[in-house]
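Read through the structure below, which is laid out as structure tokens, and then see the notes.
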Amino acid sequence: MTKHTPSKQQLAYHTLKQRILEGTYGPGYRIVIDRVAKELGVSAIPIREAIRRLEAEGLVEVERFSGAKVTRIDAKMYEDILSALAVLEGYATAQAYRNLTDEDFDALRQTNEAMRQARSDFDLTLYSRLNQQFHEIILRCCSNRYLVDEIHAFRERMDAMRVSVFNLIPHRASDSIAEHDKLIQLMAVDVGEDAVERFARQHRLATLEAFRRWNEQHTRLVAERKEGYRAPREIHRPGADP
């Protein structure tokens, strides 16, 4: 069996994404296309294609006169929004689940299977869209439209930040799928509003906790790399002149 060789665009994409997630390219870092192209031994075209893909995933933002920069994440705002969504979505799920039809449950299971396939394909942009679709199926059955509107408003604020936690923390996607399976089961057997609300709220809080751990690690890596760029101190060897 011949080993698959990644294309130049794939090489550029995976290299840039790895550097962003590992902290080599910190928030606000300007990606110079010509420099990266020269380093990887490719033309500027695959670098631009990779940047467009990273922009779609929310990891890079392209400004008209400044070029491509690593997205700046307002961690406090992101955490506040996730916290609020945990409360609102938990309550909305509890209010909605008894209105779900057999067709709705089928749609939830099919969507979760599509998420599992997207995770397997490492298509995390599609995964994020399917994740919203999953929760939207439930929200459509919530009779409190004011509550649903508030949830949509919070989601729009997250979309405006152009950051998907699943792109930052891919392993969280697998956990989320398993939690969806459990949530479907709890709603299908009708364990009660309190139990459904607790689980749905904890489902969102688990994502928040994963983001906090990632942010702490990312901040530490960036700091360590900055420290490593400093000029090393001269080491005095025993026997050498002081």
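Pairs of lysines in the range 1-148 whose Cα atoms sit within less than 27 Å of one another amount to 9, provided the residues are eight or more positions apart or on different chains. May I ask you to list the residues of the range 75-112 whose amide nitrogen lies under 18 Å from a point 7 Å from Cα along the Cα→beta-carbon direction of K182? Residues passing the 18 Å test: 86-87, 89-91, 93-94, 109, 112. Under the convention that each Lys and Arg Cβ holds +1 and each Asp and Glu Cβ holds -1, the size of the dipole of the range 11-96 around its Cα centre is about 440 debye. So if I take the alpha carbon set of the chain, get Rg, then get Rh from the Kirkwood formula, what is the Rg over Rh ratio? Rg/Rh for the chain comes to 1.09.
Once the Cα-Cα distance is subtracted from the 0.36 nm per residue extended length, the K38 to E216 segment shows a gain of 60.8 nm.
As an equivalent ellipsoid, the range 25-122 spans semi-axes of 39, 20, 9 angstrom, where each value is the square root of five times an eigenvalue of the C-alpha gyration tensor, largest first.
Taking the Cα centre of the chain as the origin and placing charges on Cβ (Lys, Arg +1; Asp, Glu -1), which of N131, L208, I20 is farthest toward the positive end of the dipole? Going by the charge dipole, the pick is I20.
Throughout, read-outs are computed from the coordinates displayed, never taken from laboratory work. Note that the coordinates shown come from a computational prediction; the quantities given were computed from them, not determined experimentally. FYI the Cβ positions are ideal-geometry reconstructions off the backbone, even for glycines, and counts take in every protein chain you see.
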